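What follows is calculated from the coordinates using simple rules that are stated; it is not laboratory data. Small disclaimer: the values here were computed from a predicted structure and weren't measured. Cβ coordinates were reconstructed from backbone atoms using ideal geometry, including for glycine residues, and neighbour counts include every protein chain displayed.
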Amino acid sequence: MDWIRQWWRQPDHFDWLSAYLGARNLLRFTRFIVAAVVLLLGVAPLLMLLSPAGPQSTMSRLISIFAAAVCGIMAVMWATQWPTRRQSLVFTGVLAVCIAAGCLVQSTPVAGLQGATAFAALAGYVAFFHTSRALLLTLAVSATTATICAVQIATHLDPFAALSKLLILTVGVLAVPYSAEINDITMMVSHHHESDVLLDRTRDAFDRLYLESKESTRILAIGVHPYVTGQAHRIKYFEQLYAYINKHPGVVHWTGQQIYDWYVKQVPKPKE
């Protein structure tokens, strides 16, 4: 259970990540990206006003318009200036409420459940910039919204379709291996280990996986970040690590897309 406590106690990332983006002149670019995403999330409920599946009652339509307007205001704020940490937290909470409201006022629960996929973008932002507690709150709002829509589908339409759509929403993103143990954020930022720990720990993990790869394919995910491992006092250990790994025959360095492309070739396609 230690890993849960460590995950729960992680500090807020907003200030140092903002400083990192600022040092690399990326704040303006990031502001416009967030503003564009929020603006698009605001346009979605407006488009649903024109759909038979969208909100039909006067109150539902007013809620949709209000949620869209709030998204538009927040998009303008993001396009204008970089927020403070407190403002960012308020932004995530307000946006979560807007998404939930936009989903629950739809006249058909299927449309509402599909709309809940918008929580993925918000959860990604919270995971990068804020605490585990903020992420858990966002996921709780998302799960509650999706469950309400799924129950409505199960009650009025098809319980199996409801369960299927809820599961697809929950695991809608294909995941490739990513390690929290072999990760410089965990080792250096959270646990404050010495610089050579990345080399020692990853080399031990590689040796074991390379031994096991005689029986079946093994993947070693190494989580590194240029602003951590790229520091002058750490980079030599990363170079030594790659020199060690590259001495072993049969090892390939793949991106997530390459892993996915390889994986789908191993799984037979379903019969028609």
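A few remarks follow.
- Neighbour counts of C-beta atoms inside 10 Å place M59, M48, M77 in the sequence M59, M77, M48, starting with the fewest.
- Sequence-ordered 3J(HN,Hα) estimates for region 90-95 from the Karplus curve with 6.51, -1.76 and 1.60 and θ = phi - 60° stand at 4, 4, 5, x, 5, 5 Hz, glycine and proline given as x.
- Normalised per residue, the volume of the convex hull around the Cα set of region 2-170 (Å³): 116
- Nonlocal amide H pairs with N183, under 5 Å, H built at 1.01 Å: G223
- For region 184-266, the percent of C-alpha pairs falling in each 10 Å distance bin, counted from 0 to the bin holding the largest distance, reads 15, 45, 31, 9, 0.
- Exposure proxy ranking for F238, F66, F119, based on other Cβ atoms within 10 angstrom of each Cβ and starting from the fewest, stands as F66, F238, F119.
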